[in-house]
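S.K.: Sharing a structure below in structure tokens format, with a few things to ask.
Please treat every number below as a calculation from the coordinates, not as lab data. Quick caveat: nothing in here was measured; it's all calculated off a predicted structure. Note that each Cβ is placed from the backbone with ideal geometry, even for glycine, and that neighbours are counted across all protein chains shown.
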Amino acid sequence: MSTVATETAYATVESSYGFRASNQISNRLRTRITAALGYDPVEASAVPEAANIGEGCGNPLLIASLSEVTPRPRFSIRHGGGFDCFLAAKKVGPTGKVTGIDMTEKMVELARRNAASGGYSNVTFCYSRISQLPVDDASIDCVMSNCVLNLVPAAEKQRVFAEIHRVLKPNGYVVVSDFLAYKPLPQEMIDDPALQAGCVSGAVETAVMQKYLQQAGFSDILLMDTNKNLELYKDGEAAKSVTPCCAGGACGGKEQVTASGRKELDYDINEWIGSFQIYALKGKKEDETTVTVEKAAVPIENSRTSCCGCKSGAC
Ligand SMILES: C[S@@+](CC[C@H](N)C(=O)[O-])C[C@H]1O[C@@H](n2cnc3c(N)ncnc32)[C@H](O)[C@@H]1O
């Protein structure tokens, strides 16, 4: 990927998510996405509404095991409107600290407004790309990311994992919710601007994700397929999105015709990508690297077989 292509990819992300920062989804869609991604509705409703932009790939807090017990924990999260940061802030308590990082200025502004309106004193938001974290070496207990790594241009992805490893303390860990590809995506999906901004085109396969993590020095790697039905994102409201990307994340765009002239809904998204929970440890050098790839049992209403036993959920 050339430098120009990399910068173009970053510019596409910034303009798409700048748009999303100023155009909120409805409460109906927000509630639907939040529940489907496995958030506790009571905890979610305690966070400022505008923080939940409905753009997650999953719920990384489910595997983050955050608590006030850890002395002065500090977390770094790619934030969007700040939703996961605020949920994490509650869990780590007043002695903990959460730093949210986003490369879209309007998202940083939105998250800061939400922090002020929600009265959060233990969360700060930074404007930065995650390939260059504005954080000291070995200073963070947990790095959390939700639906961001797929948006990082291919040429920068390995660097992001090296950065995450650099900022983590020994025995610190990274937890990620993201889309991974089940098989190589065809070029027309990779080149489709809607799927690029919609977190699909940049999804890598599990073996590639494993390689990124191992090369960065991580051990105890877990890649868990949540088996969620991603047809959720083809909600009618998301489909009416006026942004070139998609409202609510993955695919949207019912009426949109892609650059290749093909309607987005022609893709059965569940065939190509899955929502994964990823965990990896910054262990000691002598630790043996283990890798586990597994499929989770999920509540029946979220699973792909929920509606009528069909594999893709497209029924
Ligand atoms: C799909 S949204 C997810 C937001 C949030 N994690 C959530 O669950 O609502 C992706 C966010 O990541 C940000 N982003 C994408 N690539 C980034 C990068 N390389 N560095 C920092 N932020 C990035 C975008 O600006 C956007 O706010």
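S.K.: For the range 98-111, just list the computed ³J(HN,Hα) in residue order, Karplus coefficients 6.51, -1.76 and 1.60, θ = phi - 60°, integers in Hz, with x standing in for Gly and Pro.
M.R.: Values per residue, Gly and Pro as x: 10, 10, x, 10, 8, 8, 9, 4, 5, 5, 5, 4, 4, 5 Hz.
S.K.: Moving on to the next point. Taking the highest mean first, how do the peptides 273-283, 212-222, 19-29 order by number of other beta carbon atoms within 10 angstrom per residue?
M.R.: 273-283, 212-222, 19-29
S.K.: Another question, then. Can you list residues from other chains, or at least 5 along the same chain, whose modelled amide H is less than 5 Å from the amide H of Lys97?
M.R.: Arg74, Phe75
S.K.: Another question, if that's okay. Using the per-residue mean of other Cβ atoms lying within 10 Å as a proxy for protection, in what order, highest first, do the peptides 88-100, 116-128 fall?
M.R.: 88-100, 116-128
S.K.: Apply the Karplus curve 6.51 cos²θ - 1.76 cosθ + 1.60, θ = phi - 60°, to the phi angles in the range 192-200 and return the couplings in whole Hz, x for Gly and Pro.
M.R.: Values, residue by residue: 6, x, 5, 6, 5, 5, x, 6, 9 Hz.
S.K.: Under a 5 Å amide H to amide H cut-off, with H placed in plane at 1.01 Å, what residues pair with Val293 once short-range neighbours are removed?
M.R.: Leu223
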